[in-house]
Amino acid sequence: MSSPSKKKKVVVTTSAPAKAPVKARRSGTSSSQAPAKPTDLVFGKVNFLWMIGGILLIALGMVLMSGGKMPSPDVWDENLIYSPRRIILAPALILLGLIVEIIAIFKKASPEAEEA
């Protein structure tokens, strides 16, 4: 019942000692003390108002296009689906809204309007 005794192996690491982390040097002014530079926006106030108007026109067109559910599944009433409101007015409002968005993007704001 005696078994040969095994010696435990001892592992010794011979790597270089770990260096302490180096703190970053800071310049004289920190970002919290530096004055904030005013950045100019790409679009002015007038452009944003035109964009909001275009978005409202598109949303109104989508609302006018919605609906058309038949009251009974056995009855087909084409006046509910193919009404002039859904096939003429709503798409025209959506296209008009997209045109207004394009105008809002390309419109140059006058300096007098931007100061007010």
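Coordinate-derived values only; no laboratory data. What you are looking at is a predicted structure, and each value in this text was computed from that prediction instead of being measured. Ideal geometry is used to build each Cβ from the backbone, glycine not excepted, and the neighbour counts take in all protein chains shown.
Extending 7 Å from Cα along the Cβ direction at ALA36 and again at THR14 yields two label points whose distance is 6.0 nm.
Which of the peptides 80-87, 94-101, 65-72, 37-44 is most tightly packed, and how do the rest follow, going by the mean number of other Cβ atoms within 10 Å of each residue? Don't skip to the answer; put the middle values down first.
Details: 80-87: 12.9, 94-101: 16.1, 65-72: 10.5, 37-44: 8.9.
By packing density, highest mean first, the sequence is 94-101, 80-87, 65-72, 37-44.
Extension gain, ILE88 to MET70, is 4.5 nm, computed as 0.36 nm per intervening residue step minus the present C-alpha separation.
Here VAL46 and GLU78 are evaluated by their C-beta separation; at R0 = 41 Å the FRET efficiency comes out at 0.40.
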